[in-house]
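Remarks on the structure that follows.
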Amino acid sequence: MKKELRLMKGNEAVAEAAIRAGVDGYFGYPITPQTEIIEYLMEANPAETTGMIVLQAESEIAAINMVYGGAACGKKVMTSSSSPGISLKQEGITYIAGAELPCLIVNVVRGGPGLGTIQPAQSDYFQATKGGGHGDYHLIVLAPASVQEMADFVDLSFELAFKYRNPVMMLSDGAIGQMMEKVYLSPQKERSKTIYDWATTGKPATRERNIITSLDLDPNGQELFNLKLIAKYNLIRENEVRYEEFQIEDAEYLLVAYGTSARVCQKSVQLAREEGIKLGLLRPITLFPFPSKRINELANRVKGMLSVEMSAGQMVEDVLLSVNGKVPVFHFGRMGGIVTTPEEVVECLKSKFIGG
Amino acid sequence: MAVVTGIKEIIKPENLVYKKTNIMTENILSYCPGCGHGTAHRILAEIIEEEGLQSEAIGVSPVGCSVLLYNYLDIDWQEAAHGRAPAVATAIKRLMPEKFVFTYQGDGDLAAIGTAETIHACNRGENIMIIFINNGIYGMTGGQMAPTTLPGMKSSTSPYGRDVKTMGNPLKMTDIVATLPGSYYVTRQSVHTPANVKKTKKAIRKAVRYQKLDKGTCLIEIVSNCPSGWKMTPVQSNKWMEENMFPYYPLGDLKTPVE
Amino acid sequence: MAKIKGSIVVNIEKCKGCEVCMVSCPTGTIAMAKEVNGKGYYYAFPANPELCIGCANCAMVCPDGVITVYKTKI
């Protein structure tokens, strides 16, 4: 079926894509700069069309626990928030990871720490990719760099979430959430009628009761579960790495950037090449799993790498680990809600690697 | 099974008047001797059996002594984070309205850390049943002060008795819930005597019926004992409960539907 | 006149000896054993079985569901 072309904000695109993906339930709480998601859904009122439930919870904590409840029934459920709200959700997220439930959490990142700013930032990379809550776990983390990807990644997120029974975070930022771009929207999907054998749907006589929990008081049982999670994360590392490359064929230097920073860095590559500097860009699309293997390969070909993020330097640690000392790696980023300019990136690159 | 029996001639299937429902699993309850949790579980299980709800019941268990509740009733369960059961149940019921959805929570879970979730689920009138076990103490962690601990009552974090000036007053959550427009049936019961067991069972049966009729939130508080936490024998604890808990938390309906 | 007679069966190993059944029994049928079960509890037993009227009070208040009750008219 033909895709529909619309001009939308990233936040609106996520909301519309969720309806079209056949999502069963959205549970949210307002916070800038992502509130358009719940506003859009409330106005669209999909309960009348697809039957999708949209509920404004009393807090981010309640919203993520509603996601837990819905996901445990095998339903396609999601929530969205921005940095301070995502911090509140961490308790629920670790329980969801611990109970191996599929769901989508959208984080339209703003600057921090604390209440910080409402302007875009990429300072929640650690929180998103290294766990975020307590215990050994990972989310699958997708980083959209356009309104189109904010829409497309809804479907992809649920595909991965159900494939691995693992929560997925879409790590966007205030710039992509708020900007308007054209977006091709997929046709309406039917809501799934699948009843999963692990889900709590009421115990029929034909099966044992299903228990959704993250508790195991037996240390041996808990360790076995941790090992099972590690095996799952390794499988995800093996199968689900996604990235995009830009002008790397002859590159002598490499920028590594995701989301809004990756958009800026495309321009930086162009500016650098106008000055005769052979610069390329690698854009991780999955932040967990991180494209470590590819970055390590590229370290054999380039003279240095610059991790560009709107943070004090978070992803740079994963780039350093990937490169494993083969070439110098530096970080460049603005903070406080300031979006890096392409020129700043080129200046930094020159000062670190070329001199002058 | 090792048993002791009364008059053997009477023990025939046709004479059976009471046996443990099959909804209760064979697992040995993790509770201390005489704890009201077990009785409350059994009544709930009996209602599930008698009303034929096994295939449609989805329970949400709390954090606290009854965290392992899912081991004892043979139905589908979700184990919620501390205090979050009403939010979890909200989503289950919204997404699967044809199911029978309930939470089972203690006083710390429901009336302290889960205050917001409790109030808002009830205020939205979520069509769920909440069973609230109030024994005035945190049992699982070893007898600390709860939001429902009585004035002057000793606990491991109020070793000289609850001083309401510095530790606050006991919270009557059930009374608060009864004032909310979304709650439909709110009652306070106990399970320490046969008569009270019957009343509580009747209350749960009502809540089941109301949920089928989509009436809104039903909350059943069960004032219960904690022999270990209160440092008494089970029989003493039930007497202490009658003399001290009931005056503060009087039994009876707080909100009944106009039918 | 028909007389109602009852009888109980106590699952010894599941009993925790809380005595709640004993105090709820209207006829004094139940007492606590002088010996302990495998968990070390003095379990409940029908010490005066002839007094049992099968009212099921004991079973209703038993937190651990260890009592089964039978009743007949004689």
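The values are calculated or read from the model by the stated rules, or taken from the named source; none is laboratory data. Predicted model, so just to flag it, every value in this text is computed and none were measured. Backbone-built Cβ (ideal geometry, glycine too); neighbour counts: all protein chains shown. Ligands, DNA and RNA are stripped out before the accessible areas are found, and what is left, the full protein with its side chains, is counted by its heavy atoms. Shrake-Rupley method; radii C 1.70, N 1.55, O 1.52, S 1.80 Å.
Taking each residue of region A:41-69 that is touching a residue at least 40 places away in the same chain (Cβ under 8 Å) and looking for partners that are assigned to a helix (DSSP H, G or I) and of a type in the set (Lys, Arg) with beta-carbon atoms closer than 6 Å, six or more apart or interchain, yields A:64/A:89. The set of residues in region C:40-62 that are in a strand (DSSP E or B), out of contact with any Ser or Thr (no Cβ under 7 Å at 6 or more places or on another chain) and over 19 Å from residue B:38 (Cα atoms) contains only C:45. Within region C:63-74, the set of residues being more than 7 Å from chain B (Cβ to nearest Cβ) and in a loop (DSSP other than H, G, I, E, B) comprises C:66, C:74.
Given the criteria open to solvent by 70 Å² or more (accessible area, probe 1.4 Å), under 30 Å from residue B:76 (Cα atoms), assigned to a loop (DSSP other than H, G, I, E, B) and of a type in the set (Ser, Thr, Tyr), does residue A:206 qualify? Yes, satisfied.
For region C:6-39, taking the residues that are assigned to a helix (DSSP H, G or I) and open to solvent by 40 Å² or more (accessible area, probe 1.4 Å), the one that is farthest from the other protein chains (Cβ to nearest Cβ) is identified as C:22. The set of residues in region A:263-290 that are part of a helix (DSSP H, G or I), in contact with a strand residue (DSSP E or B) (Cβ under 8 Å, 6 or more places away or on another chain) and over 18 Å from residue A:302 (Cβ atoms) contains only A:264. Take residue B:174 and tell me if it is in a loop (DSSP other than H, G, I, E, B), away from chain A (no Cβ under 14 Å) and open to solvent by less than 20 Å² (accessible area, probe 1.4 Å). So residue B:174 does not fit the description; no.
Looking across region B:46-68 at every residue that is crowded, with 24+ Cβ neighbours inside 10 Å and facing another protein chain (nearest Cβ under 10 Å), the one that is nearest to residue B:106 (Cα to Cα) is identified as B:61.
Only one of the numbered conditions (1) open to solvent by 10 Å² or more (accessible area, probe 1.4 Å); (2) more than 14 Å from every other protein chain (Cβ to nearest Cβ); (3) more than 17 Å from the chain's Cα centre (by Cα) is violated by residue B:232, and that is (2). Only residues that are open to solvent by 10 Å² or more (accessible area, probe 1.4 Å) and not small (Gly, Ala, Ser) were counted in region A:140-173, giving 11. Take the residues in region C:51-61 that are closer than 22 Å to residue C:34 by Cα and more than 7 Å from every other protein chain (Cβ to nearest Cβ); name whichever of them is most open to solvent (accessible area, probe 1.4 Å). In this case the residue turns out to be C:51.
Step by step: first the residues of region A:292-318, then only those that are part of a helix (DSSP H, G or I) and closer than 20 Å to residue A:266 by Cα, then the one that is farthest from the chain's Cα centre (by Cα). Which residue is that?
Taking the candidates together, the pick is A:298.
Of the listed requirements (1) under 24 Å from residue B:117 (Cβ atoms); (2) out of contact with any helix residue (DSSP H, G or I) (no Cβ under 7 Å at 6 or more places or on another chain); (3) away from chain B (no Cβ under 14 Å); (4) of a type outside the set (A, V, I, L, M, F, W, C), residue A:90 misses just one: (3).
Looking only at region C:40-50, residues that are under 17 Å from residue B:29 (Cβ atoms), more than 11 Å from the chain's Cα centre (by Cα) and within 9 Å of chain B (Cβ to nearest Cβ) come to 1 in all. Considering the conditions (1) small (Gly, Ala, Ser); (2) within 23 Å of residue B:212 (Cα to Cα); (3) part of a loop (DSSP other than H, G, I, E, B), residue B:40 is excluded by exactly one of them, (3). Within region B:187-212, the set of residues being small (Gly, Ala, Ser) and open to solvent by 40 Å² or more (accessible area, probe 1.4 Å) comprises B:195 only. Of everything listed in (1) out of contact with any helix residue (DSSP H, G or I) (no Cβ under 8 Å at 6 or more places or on another chain); (2) touching a residue at least 24 places away in the same chain (Cβ under 8 Å), the single unmet condition for residue A:179 is (1).
Somewhere in region A:216-235, is a residue buried (at least 22 other Cβ atoms within 10 Å of the Cβ) and part of a loop (DSSP other than H, G, I, E, B)? Looking through region A:216-235, none of the residues is buried (at least 22 other Cβ atoms within 10 Å of the Cβ) and part of a loop (DSSP other than H, G, I, E, B).
If you go through region B:79-99 and keep only what is within 8 Å of chain A (Cβ to nearest Cβ) and either in contact (Cβ under 8 Å) with a residue 60 or more places away in the chain or touching a Pro at 6+ places or on another chain (Cβ under 7 Å) (or both), you end up with just B:80.
Yes/no matrix, rows are residues, columns are (1) more than 16 Å from residue A:158 (Cβ to Cβ); (2) open to solvent by less than 10 Å² (accessible area, probe 1.4 Å); (3) assigned to a strand (DSSP E or B):
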{"residue": "A:73", "(1), (2), (3)": "no, yes, no"}
{"residue": "A:84", "(1), (2), (3)": "yes, no, no"}
{"residue": "A:88", "(1), (2), (3)": "yes, no, no"}
{"residue": "A:92", "(1), (2), (3)": "yes, yes, no"}
{"residue": "A:112", "(1), (2), (3)": "yes, no, no"}
{"residue": "A:116", "(1), (2), (3)": "yes, no, no"}
{"residue": "A:122", "(1), (2), (3)": "yes, yes, no"}
{"residue": "A:128", "(1), (2), (3)": "yes, yes, no"}
{"residue": "A:132", "(1), (2), (3)": "yes, no, no"}
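Residue-wise test of (1) open to solvent by less than 20 Å² (accessible area, probe 1.4 Å); (2) within 25 Å of residue A:54 (Cα to Cα); (3) under 14 Å from the mean Cα position of the chain (by Cα).
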| position | (1), (2), (3) |
| --- | --- |
| B:94 | no, yes, no |
| B:115 | no, yes, no |
| B:132 | yes, no, yes |
| B:150 | yes, no, no |
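Contact map, region A:191-212: first residue on the phi < 0 side of the Ramachandran plot and within 11 Å of another protein chain (Cβ to nearest Cβ), second residue assigned to a loop (DSSP other than H, G, I, E, B) and at pLDDT below 95, Cβ cut-off under 9 Å, separation 6 or more or different chains; the map is empty. If the requirement is being within 11 Å of chain B (Cβ to nearest Cβ) and either of a type outside the set (A, V, I, L, M, F, W, C) or part of a loop (DSSP other than H, G, I, E, B) (or both), which of these qualifies: A:12, A:58? Answer to the check: A:58.
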